[in-house]
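Some notes on the structure that comes next.
The values are calculated or read from the model by the stated rules, or taken from the named source; none is laboratory data. This is a predicted model, so every value here is computed, not measured. Because the Cβ atoms are built from the backbone with ideal geometry, glycine has one as well, and the counts that use them run over all protein chains shown.
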Amino acid sequence: MTSQTVSIAITGAGGAGVMTAGQMLLDAAAKAGLYGLMTRSSGPQIRGGEAAAFIRLSSDPVACPDDHFDVLFCFDWMNVDRFAAELPLRNDSVIIGDASAGEAPDVLKNSGARMVLVPLSDTAKEVEGGRPNMIGLGMLGEIAGLPLDALSAILEKVLKRKGQTALDASIAGVKRGMEVAGELEAEIGINLHLASKDSETTRWSLTGNEAAGMGAIRGGVRFCAAYPITPATEILEWLAPNLEKVGGTLVQAEDELASVNMIIGGSFGGVPSITATSGPGLALMTEALGLAVSAEIPIVVVDVMRGGPSTGIPTKSEQSDLNIALHGLHGDAPHIVTAPNSISDCLFTTQWTVHLAEALQTTAIVLSDQSLGQSRNVIDKPADLAFVAKREVAPAHVVDYKRYALTDSGVSPMAIPGTPGGEYVADGLETQENARPSSQAEDHYAQLDKRERKLTGFDYGQHWAEIEGDSDFAVITFGSVTAPVREAIKRLEGEGQKVKLISMRLLAPALPDRFNEAMAGVKKALVVEQTHSKQFYRYLRSEFDLPKDTTVLAKPGPLPFRPNEIVTQIKELA
């Protein structure tokens, strides 16, 4: 079999080096001039237990898992059955396992894939200081056609700090693994060598969480307060050292309530501020988010969604925080909700969202998810766009200052603490224009209109959605589901069938005019989302006019959408 895309799954018990091998394989592919994607799966345990790395390598950009795996490499059989639903295999797929690991589980025997057992542990013992995961890395590198130089370069980069002895042992293990794969080439019976492109081209390897952190800094954020939570913690880990490089600060708060109130305080002081969390944390923050809306203090919250409700499935992806992000705030509290549609777009969308929050002086929520946040993608270097936080502030000397003045735009100058004449009280009570509390109807109506007007009257440009293709059949989606939808549409175009893609980046405020313009001429629509209760579809129905012939393809996590199931659905409807 010859292919320009290779999908490899690696599984094993905690400590087997599954993630290390997967990460090195991806990095070596990038070094060799390829593109790639690595997603991961683990159980709900804090540490240890079973783990799986899913890698897709390609000579062209890829952003989602393929329909099946070409190779499943098992360092052991421990709890591999827990990943069975996440490991679609075909008759031409190959399962490679350790001959000394005992009997393979029935779920793999019955998959239809061919089984090839190799003396993995025994081969590792042939190498002084050898480890099975390095033997496996060498075998997979050989199967994918990666050169030894690329693998060795990554090993040196990662292991150099561990000393020359450890590095030499790992390189020797990789070499031996490549030899084993070469000796078994006829038995494996699979040729997945990829055509490498220019290895000198600048490519980035990053996760969605890293991209979100970079977008925040590029957007002007200089303060972050947050409490660690899966799967958002890596945003904080990335920001901690990098904020410091640009003169910013990160504080690990005692909980989510403290973190959101800290960033409200930081922003009130004039510093663009951000926090990152997941669904349970967002639920705790809602009262404070309403405070920021009422007091018109700009803040950004990145919600890396996971399976719910409650603690749910912390390590798996889902889009089911949509309702709480859109509607969870108390009272009439207009705010911004955005959603990146790819791992690389986490950078742009977060940067843009910081810009929007600052320009409109309001709460903004970025809806990422575990699939975007914790997956690693090899991509072309993103463009450096000039969306930088620009808040309208009061002049250095203020007379008769009205913090909540009823301006045409709805945005009123914000005095930074210490500005002479710019003193005011910022709290959650309704106010007059001069920030004094009021319970009068005319003040309430005027301020409600003001807070709504500044969002609905703003020009968001073309960034509100990614719109691709021209057809009377449209697929409407958002977030991480965009990648498999985009690949499905590309496959259909190869067969001569045209489909329009509308991936919404700005979810709130709703822009009916822009949406209607994008839907002009569309007679049939398919809404694709990763929720159980069709939250996105119900939101679309509440805000926009959909074609009478609209179908919903909705499924919750933890299983990802794969391109072929979307292709099948479109063919049935078109």
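Kindly establish whether Leu501 is within 19 Å of the chain's Cα centre (by Cα), at pLDDT 95 or above and in a strand (DSSP E or B). No: the conditions fail for Leu501.
Okay, residues lined up against (1) at pLDDT 95 or above; (2) crowded, with 22+ Cβ neighbours inside 10 Å; (3) in a loop (DSSP other than H, G, I, E, B):
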| site | (1), (2), (3) |
| --- | --- |
| Thr477 | yes, yes, no |
| Ile489 | yes, yes, no |
| Asn516 | yes, no, no |
| Gly521 | yes, no, yes |
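Every condition in (1) closer than 26 Å to Gly461 by Cβ; (2) in contact with a Cys (Cβ under 9 Å, 6 or more places away or on another chain) is met by Glu487 except one, and the failing one is (1).
Go through Val522, Val485 for me and flag whichever is among the aliphatic types (A, V, I, L, M), over 30 Å from Gly421 (Cα atoms) and out of contact with any Lys or Arg (no Cβ under 9 Å at 6 or more places or on another chain). First the steps, then the outcome.
Details: Val522 fails: out of contact with any Lys or Arg (no Cβ under 9 Å at 6 or more places or on another chain).
Answer to the check: Val485.
Looking across segment 455-467 at every residue that is in a strand (DSSP E or B) and either loosely packed, with under 15 Cβ neighbours inside 10 Å or among the hydrophobic types (A, V, I, L, M, F, W, C) (or both), the one that is farthest from the chain's Cα centre (by Cα) is identified as Ile467. Taking Leu322, is it within 19 Å of Glu452 (Cβ to Cβ), out of contact with any Pro (no Cβ under 9 Å at 6 or more places or on another chain) and hydrophobic (A, V, I, L, M, F, W, C)? For Leu322, the condition - within 19 Å of Glu452 (Cβ to Cβ), out of contact with any Pro (no Cβ under 9 Å at 6 or more places or on another chain) and hydrophobic (A, V, I, L, M, F, W, C) - is not met.
Given the criterion touching a Pro at 6+ places or on another chain (Cβ under 7 Å), of a type in the set (A, V, I, L, M) and within 28 Å of Asn564 (Cα to Cα), identify the matching residue among Val80, Val116, Val94.
Working: Val116 fails: touching a Pro at 6+ places or on another chain (Cβ under 7 Å); Val94 fails: touching a Pro at 6+ places or on another chain (Cβ under 7 Å).
It is Val80.
With respect to (1) closer than 19 Å to Gly33 by Cα; (2) crowded, with 17+ Cβ neighbours inside 10 Å, the lone exception for Arg131 is condition (1). In the set (1) in contact (Cβ under 8 Å) with a residue 12 or more places away in the chain; (2) out of contact with any helix residue (DSSP H, G or I) (no Cβ under 6 Å at 6 or more places or on another chain); (3) not aliphatic (A, V, I, L, M), Asp408 fails one condition alone, (1). Within segment 141-170, the set of residues being β-branched (Val, Ile, Thr) and touching a Gly at 6+ places or on another chain (Cβ under 9 Å) comprises just one member, Thr165.
Being buried (at least 24 other Cβ atoms within 10 Å of the Cβ) and of a type in the set (A, V, I, L, M, F, W, C) is the filter here, so list the residues in segment 298-335 that pass it. Answer for segment 298-335, where residues must be buried (at least 24 other Cβ atoms within 10 Å of the Cβ) and of a type in the set (A, V, I, L, M, F, W, C): Ile299, Val300, Val301, Val302, Val304, Met305, Leu322, Ala325. Looking across segment 420-444 at every residue that is out of contact with any Pro (no Cβ under 6 Å at 6 or more places or on another chain) and among the hydrophobic types (A, V, I, L, M, F, W, C), the one that is farthest from Ala405 (Cα to Cα) is identified as Ala441.
Any residue that is in a helix (DSSP H, G or I) and buried (at least 23 other Cβ atoms within 10 Å of the Cβ) - is there at least one of those in segment 274-281?
So the first thing to find is which residues in segment 274-281 are in a helix (DSSP H, G or I), and the list is 279-281.
Filter once more, so that each one left must be buried (at least 23 other Cβ atoms within 10 Å of the Cβ): 279, 281.
Yes, segment 274-281 contains at least one residue that is in a helix (DSSP H, G or I) and buried (at least 23 other Cβ atoms within 10 Å of the Cβ).
When Lys555 is tested against (1) closer than 22 Å to Arg56 by Cβ; (2) surrounded by 19 or more Cβ atoms within 10 Å (Cβ to Cβ); (3) of a type in the set (D, E, K, R), exactly one condition is not met: (2).
Return a yes/no flag: does segment 535-542 have any residue that is under 15 Å from Gln569 (Cα atoms), in contact with a Ser or Thr (Cβ under 8 Å, 6 or more places away or on another chain) and not assigned by TED's automatic domain parsing to the domain that holds Cys346. No: segment 535-542 contains no residue that is under 15 Å from Gln569 (Cα atoms), in contact with a Ser or Thr (Cβ under 8 Å, 6 or more places away or on another chain) and not assigned by TED's automatic domain parsing to the domain that holds Cys346. The residues listed here are Gly266, Gly247, Gly215, Gly290; of these, the one that is part of a helix (DSSP H, G or I) and over 19 Å from Met414 (Cβ atoms) is Gly215.
Has segment 338-353 got at least one residue that is touching a Cys at 6+ places or on another chain (Cβ under 8 Å), in contact (Cβ under 8 Å) with a residue 12 or more places away in the chain, within 21 Å of Met285 (Cβ to Cβ) and not in a helix (DSSP H, G or I)? Full working, then the answer.
Our first condition is that a residue be touching a Cys at 6+ places or on another chain (Cβ under 8 Å); within segment 338-353, this holds for 340.
Keeping just the survivors that are in contact (Cβ under 8 Å) with a residue 12 or more places away in the chain gives 340.
If we keep only those that are within 21 Å of Met285 (Cβ to Cβ) as well, we get 340.
Keeping just the survivors that are not in a helix (DSSP H, G or I) gives 340.
Yes, because at least one residue in segment 338-353 is touching a Cys at 6+ places or on another chain (Cβ under 8 Å), in contact (Cβ under 8 Å) with a residue 12 or more places away in the chain, within 21 Å of Met285 (Cβ to Cβ) and not in a helix (DSSP H, G or I).
I'd like to know if segment 336-352 contains one or more residues that are surrounded by fewer than 24 Cβ atoms within 10 Å (Cβ to Cβ) and over 28 Å from Val393 (Cα atoms). There is at least one residue in segment 336-352 that is surrounded by fewer than 24 Cβ atoms within 10 Å (Cβ to Cβ) and over 28 Å from Val393 (Cα atoms).
Considering segment 18-96, there are no qualifying strands (runs of 3 or more DSSP E) wholly inside with 3 or more residues that are surrounded by fewer than 18 Cβ atoms within 10 Å (Cβ to Cβ), modelled with pLDDT of 90 or more and among the hydrophobic types (A, V, I, L, M, F, W, C).
You will find that of Ala9, Ala13, the residue that is small (Gly, Ala, Ser) and either under 27 Å from Val567 (Cβ atoms) or touching a Leu at 6+ places or on another chain (Cβ under 6 Å) (or both) is Ala9 and no other.
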